[in-house]
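Here is the structure we will look at.
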Amino acid sequence: MRFDRARLSPYAQQVLERDLLAHKQHPEQGQRSDVSRYSVVDDQGTTLLRLPLSYLVKLALADVLGVQPQLPADIRVTAEGLQNHYLNDNTSPETFSFHVVNLTQCNGQGNALASETAKRFLLTQLLTEYANDRFGLKESGQQAQIYCAPHPPQRQKQLNEMIPDAFYRELYMSPCLSGWDKGEEKHQYMHLCHQVLSRSQLNAVAKLREAGIITNNLVVLPNLSNISLANNGSHISLGSRKLTGLMADEKSPFGRAEEKYCGDLAIKIQEHFLPLFAANYSAAPYRLGFEDFHPEKALGFLAHELDFTHLRMLWRRWRKKASLNLIRHSRTPFGPEWIDRPLSRLFGLKGDFVPDFRLVDYPVGFLSTEESPALNGALGNQELLRHDLDAMGVFDARMSLYQFFKMREFATMGFSGFEGRHYSLFSGFEQDMGAATTLQTLITALAYKYMAEGRYDHRHIPDTPGTESERRQIFFGHALGLPTFFVKRTTRNRFLLRILRKTKQIRNSRRYPGYLRIYQKEYCRALIEVLCEDGADLIEQMGCRELLVDLRQRIEYPEEFSVAGRLTSDIMSTLGTKQPLQVDAPEFNRAAEEFYRTTLRRRHMHEALEMLSRELPRLEQLADHNDSVRITLKMVCGQRSLTAVYAQLMEGARYQHLHDDDLLRLINLLLLSVHADQLSVKEHPDKEHVNRYENDAPVYRAS
């Protein structure tokens, strides 16, 4: 975005100057070496700021403070702290929770986190609108817009196919102005991530050849540049005060080795429950045309995430599911689009619809090697795996390992817990994100209950690539919408066998001797039965009965209740058709993008406004004994009631008709609500489960 620096308040200019430093803690080192990138001279000879949208949100928040010197000190301190929660290390804006959220039965478990996230989303929307007006973006023909989407725009993907990877990074990789003391180093790290993942997808071609999926020398090589870093989803981190307290106690027998042993085992148990999440609580609906079904492109990073046996099974089942049959045989495209497109139209080869394609198009979790298992409970195991993958050309040892669930170790993070990294797009805050958070908490608690009772240890879930791939192929198959999967009859995974004993309609596979053929839906039903039977006490203690009723509905009636079903239905309604395969792949994907940018963004904003309205009585009560709250409410309301003022502001915000003073009033009210939340957390710090939500890049931009 380009605008005149003179439009910034003095305080916002100070924030910008600090963020342009080479090292924010050592101003004497001077400015970044690339500082010239952030200015440009227009046709009239005026020097304008040139800044990424992901940084613009933080700058807008700083400007809000700069133009309101009369804000009470407590509110100002809160808002200054929030600036650090607007990061930008990937292509898209990135935020993390404004405060740690206590998850308890009385506050609705995950709904408390959903409320915090909704406020963060609403503040982001208001700050974006503020920047459009205050910085003169609209006047100059620019319009910033931030919305939740699981994929980057189609035009960006098309551009990525046309340009070298180095040029793509120059255009799209954020310079990391916010959130890091040494922004240039972080920027270089993100360049490394993009470069490595681009090469990694190219290296997958050799694995596909070894697996027998590519059977001839006709290959459409993936572009050296790839957009996977722009769609790495949402992260939900759960921490335990009890485990954190044990780690902080020097006299405790629970140290780093015990934390690692239990954490790795918990992750292995949690991974068996992943099919309950994919497409049900978050999703990324996507259409692939016939011309997209080159295995070296369609399978994304799966060659690095699954054993070759399961990869072959998944590819064959996916081809069978998709509309690729020609003369009773499943066909994949020949290569040149000028052949594939007419062929698909002539024979009605429509390709496929995938409920959660982001999980295939992004490296969610790399497979362990025989020599270096990632989850065997040994200290330093992931460092060894990173070096193994580096030697294989799959990864880089300097990067953080990608996993479905990632341990948040006390020594590194200051708390002990787990980060769920398998979420794509939530359709609603409370309905989907809140429920997913509660389910993740329940499954994590169940894993530790198993350990406390001595029911499972690392021997029961062997640390071999084959066993790891065996449980993960279920999750990837579910994300692709495959109805069945296959498990070896002689599997040594005792926990998987426990689930399969409760799974109905299992039969021996005719195609794969020695394997069992299992339905995805029956497996999910069995997971729910295991949760209800083994975690009955946890369900009662955490108040999760309604959650399980909701989960069953999503499994039994996915078209109506799952996120994938609801999002797909909404997208199809804009196209006037009932089935995704009735429209061409580009048309469906463009319609999905437009739905995320407009209808879903407004829906998220309306939900956030409704959730904020429920908190008005609490703010009025707090004003009776808190001077900062009383003064801020006076600034917002004047002589009118808070209810009446908010009704007016809410109506204007729904249709983006708020400007100037009204826009500042609503921003101030939101900052006041966040301040009240932070006060509440300080007053009630004794809850066992804590949470931190990170949104790495489901937010995307359009201009």
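No lab work stands behind these numbers, since they all come straight from the coordinates. Quick caveat, the model's predicted, so the values are computed rather than measured. A quick note on method: Cβ atoms are made from the backbone with ideal geometry, for glycine too, and the neighbour counts reach across all protein chains shown.
Results, tabulated for the structure shown:
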item	result
Dipole magnitude (debye, nearest 20) for the chain, charges at Cβ of Lys, Arg, Asp, Glu	2520
Selection from A592, A526, G514, by position along the positive dipole direction of the range 491-593 (Cβ)	G514
Local electrostatic count at L575 - Lys and Arg +1, Asp and Glu -1, tallied over other residues with Cβ under 13 Å	-2
Loop trypsin sites (Lys or Arg not before Pro), the range 600-651 (other Cβ atoms within 10 Å of the site Cβ: 14 or fewer; DSSP)	R614, R640
Förster radius 30 Å - calculated FRET efficiency between Q142 and L575, Cβ distance, rounded to 0.05	0.55
Which of F290, S240, L276, positive extreme of dipole for the range 220-323 (C-beta unit charges)	F290
Net lengthening on full extension, M399/V40 (0.36 nm per residue, minus Cα-Cα)	125.9 nm
Centre separation in Å (Cα based) which lies between the range 472-547 and the range 593-617	36
Gain upon complete extension [L224, N107; 0.36 nm per residue less C-alpha separation]	37.3 nm
The range 567-670: chymotrypsin sites (Phe, Trp or Tyr not before Pro) in DSSP coil with no more than 16 other Cβ atoms inside 10 Å	Y655
Cα-centre dipole for the range 51-121 with unit charges at Cβ (Lys and Arg positive, Asp and Glu negative), debye to 20	120
Tensor-based shape of the chain (alpha-carbon gyration tensor, a/c under 1.5 rounded, otherwise prolate or oblate)	prolate
Karplus 3J(HN,Hα) series, Hz, for the range 277-292 with 6.51 cos²θ - 1.76 cosθ + 1.60 (x for Gly, Pro)	8, 4, 6, 7, 9, 9, 7, 8, x, 7, 9, 10, x, 4, 5, 8
Loop-exposed GluC sites (Glu not before Pro) per DSSP, neighbour cap 15 Cβ within 10 angstrom, longest uninterrupted part of the chain	372-687
Residue-span extension gain [K251 to L326] - 0.36 nm each, minus C-alpha spacing	20.1 nm
E559/T215 FRET efficiency (R0 41 Å; Cβ-Cβ; nearest 0.05)	0.65
Gap separating the Cα centres of the range 552-589 and the range 232-251, nearest whole Å	38
Charge dipole of the range 221-368 about the Cα centre (unit charges at C-beta), most positive-ward option of L311, L367, F301	L311
